[in-house]
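The values are calculated or read from the model by the stated rules, or taken from the named source; none is laboratory data. Note that the structure is predicted; figures quoted are calculated from it, not measured. Here the Cβ positions follow ideal geometry from the backbone for every residue, glycine too, while neighbour counts run over all protein chains shown.
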Amino acid sequence: MEANKLEYNRLSLSGTINVPGDKSISHRSVMFGALASGTTTVEHFLLGEDCLSTISCLQKLGVKIVQEGSKVTVEGKGFEGLQEPEEVLDVGNSGTTIRLLMGILAGRPFHSVLVGDQSIGKRPMTRVTRPLMEMGAEISGRKNAEYTPLSINGGSLEPIHYQLPVASAQVKSAILLAGLQANGETSVVEPEKTRDHTERMIRMFGGDVKTEGNVITVKGGQKLTATHVNVPGDISSAAFFLVAGAIVPESRIELKNVGLNPTRTGILDVLTQMGADMSIYEYDTSTNEPAGDIIVKTSSLKGIEISGELIPRLIDEIPIIALLATQAEGSTIIRNAAELKVKETNRIDTVVNELKKLGAIIEATDDGMIIHGNATQLHGGVVSSHGDHRIGMMLAVAALISKQEVWLEQSEAIAVSYPEFFKDLYSLLQSN
């Protein structure tokens with residue numbers, strides 16, 4: 001298998017970058033644009049493979065979407081404007097696409113089939129299919145609709161009051177999207193607060209959603225109206241450079257226009273608690289999503305415990321946090337993160353195994369990991385993303401502090417969420 005050689009002669013980073021548009025918001029912006037009446041324009045749309053899969057699926061459902069670089073125009077005709085697809089809907093590697101589309105399709109009076117890549121075929125779907133079937137959708141698939149391919153016969157839906165068994169923004173969003181089409185009021189109860197982009201998007205498109213504590217409620221039959229969406233930079237993508245700036249010697253990185261949604265800023269809390277030299281400059285935005293600039297410098301870090309309600313706010317950043325912890329004094333313990341086992345890979349085992357190859361002192365637990373820091377000096381080696389974009393970027397950052405060269409297999413997976421990752425990384429190396 002071909003591997004990408006990562007060997008950096010300069011051991012400091014300096015400069016300014018604009019991270020790509022937020023993946024979660026990009027997905028939702030075109031979905032809601034398709035469900036609204038009128039023309040929606042989306043600026044700074046993420047051109048990663050996952051979000052392009054969402055556009056492709058919506059186009060197969062009869063939605064007119066025009067893409068000009070990172071500007072996307074969506075001609076929406078409401079829920080009723082969606083048409084039965086003539087082809088199978090292929091979501092690629094995107095868990096967000098398949099789970100949110102299920103919520104939309106559950107209420108549409110036609111048949112559709114959803115498939116994805118090999119990774120999607122291993123990810124559990126009953127957490128979504130079960131509540132949607134309770135609402136009245138007919139869904140079948142492998143292992144009692146646990147795995148793709150999934151066949152959906154949608155139609156008239158009844159509202160439900162649903163207690164989420166796990167904290168999942170994707171499951172919550174699927175139920176809310178179905179609830180917008182149901183005959184009454186649907187509510188979702190979260191065990192822990194998760195990212196609230198769907199709720200913000202409903203309001204942005206003129207809909208009504210109530211949030212009281214951990215209970216989110218929508219009424220069916222609402223009509224959504226087209227709007228303009230300016231997508232902020234993805235904090236999950238920014239996280240890799242925030243960590244790089246903190247652990248690579250003599251570094252200073254400024255990240256512009258980063259999304260600062262409080263349900264997503266767990267990585268900033270962790271960096272602060274570990275003692276990172278970081279400054280945040282939030283500014284007013286014209287959308288419902290806060291954003292700002294972040295400056296991070298090389299830092300002296302200490303180990304902490306990460307658990308509880310903080311986990312849903314940084315679940316996607318745990319791979320890079322594990323690397324961060326290898327460079328801290330003392331041990332860092334990550335708990336309550338069993339959800340990592342059902343991501344693009346089993347991220348607990350994959351992070352532990354790949355960082356061990358580079359010399360990290362790290363061990364897996366049932367619901368997280370323990371990282372022994374004390375500024376561990378990583379050595380080189382051959383590692384793999386295992387087709388997981390976030391593992392790939394984490395290992396690329398690890399190469400910055402490795403004594404010898406690192407060979408990264410399956411580096412192409414990074415294009416799922418950050419096609420320009422290496423270009424941005426090299427720009428920081430060259431600007432010293």
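Scanning the range 163-193 for residues that are modelled with pLDDT of 95 or more and hydroxyl-bearing (Ser, Thr, Tyr) yields Ser173, Thr186, Ser187.
The selection criterion, being farther than 21 Å from Gly303 by Cα and without any contact (Cβ under 8 Å) to a residue 40 or more places away in the chain, holds for Asn346. Just name the residue that is nearest to Ile295 (Cα to Cα) out of those in the range 20-61 that are β-branched (Val, Ile, Thr) and in contact with a Lys or Arg (Cβ under 8 Å, 6 or more places away or on another chain). Among them, the one singled out is Val42. Do we find a residue being touching a residue at least 40 places away in the same chain (Cβ under 8 Å) and either within 22 Å of Lys302 (Cα to Cα) or of a type in the set (Asp, Glu) (or both) anywhere in the range 205-225? Within the range 205-225, none of the residues are touching a residue at least 40 places away in the same chain (Cβ under 8 Å) and either within 22 Å of Lys302 (Cα to Cα) or of a type in the set (Asp, Glu) (or both).
Taking the criterion of being on the phi > 0 side of the Ramachandran plot and charged (D, E, K, R), the only residue of the range 223-274 that qualifies is Glu250. Quick check on the range 301-322. Is at least one of its residues at positive phi and at pLDDT 95 or above? No: the range 301-322 contains no residue that is at positive phi and at pLDDT 95 or above. Residue under question is Leu378, and the condition is that it be surrounded by fewer than 22 Cβ atoms within 10 Å (Cβ to Cβ), among the aliphatic types (A, V, I, L, M) and touching a helix residue (DSSP H, G or I) at 6+ places or on another chain (Cβ under 9 Å); does it hold? It is true that Leu378 is surrounded by fewer than 22 Cβ atoms within 10 Å (Cβ to Cβ), among the aliphatic types (A, V, I, L, M) and touching a helix residue (DSSP H, G or I) at 6+ places or on another chain (Cβ under 9 Å). Residues in the range 65-76 that are touching a residue at least 40 places away in the same chain (Cβ under 8 Å) and either within 13 Å of Phe32 (Cβ to Cβ) or not assigned by TED's automatic domain parsing to the domain that holds Thr41 (or both): Val72, Val74, Gly76. Taking the range 322-351 on its own, how many of its residues are among the charged types (D, E, K, R), under 21 Å from Val383 (Cα atoms) and either in contact with a Leu (Cβ under 7 Å, 6 or more places away or on another chain) or outside any helix (DSSP H, G or I) (or both)? Total satisfying the criteria: 3. Number of residues in the range 165-198 that are in a strand (DSSP E or B) and crowded, with 22+ Cβ neighbours inside 10 Å equals 2. Screening the range 45-62 for residues that are more than 14 Å from Ile25 (Cα to Cα) and of a type in the set (S, T, N, Q) and picking the one that is farthest from the chain's Cα centre (by Cα) gives Gln59.
Does Leu13 count as crowded, with 21+ Cβ neighbours inside 10 Å, in contact (Cβ under 8 Å) with a residue 24 or more places away in the chain, over 20 Å from the mean Cα position of the chain (by Cα) and closer than 21 Å to Leu428 by Cα? Yes: the conditions hold for Leu13. Going through the range 32-59 one residue at a time, which ones are in contact with a Leu (Cβ under 6 Å, 6 or more places away or on another chain) and either acidic (Asp, Glu) or assigned to a helix (DSSP H, G or I) (or both)? Once the filter is applied, which keeps residues that are in contact with a Leu (Cβ under 6 Å, 6 or more places away or on another chain) and either acidic (Asp, Glu) or assigned to a helix (DSSP H, G or I) (or both), the range 32-59 yields Ala34, Leu35, Cys57. Quick check: anything in the range 199-215 more than 23 Å from the chain's Cα centre (by Cα) and in a strand (DSSP E or B)? Checking the range 199-215: at least one residue is more than 23 Å from the chain's Cα centre (by Cα) and in a strand (DSSP E or B).
Residue check: is Glu317 acidic (Asp, Glu), buried (at least 24 other Cβ atoms within 10 Å of the Cβ) and not in a loop (DSSP other than H, G, I, E, B)? It is true that Glu317 is acidic (Asp, Glu), buried (at least 24 other Cβ atoms within 10 Å of the Cβ) and not in a loop (DSSP other than H, G, I, E, B). Across the range 320-346, the number of residues qualifying as under 20 Å from Ile98 (Cα atoms) and either of a type in the set (Gly, Ala, Ser) or surrounded by 21 or more Cβ atoms within 10 Å (Cβ to Cβ) (or both) comes to 3.
The set of residues in the range 60-79 being of a type in the set (D, E, K, R) and assigned to a helix (DSSP H, G or I) consists of Lys60 alone.
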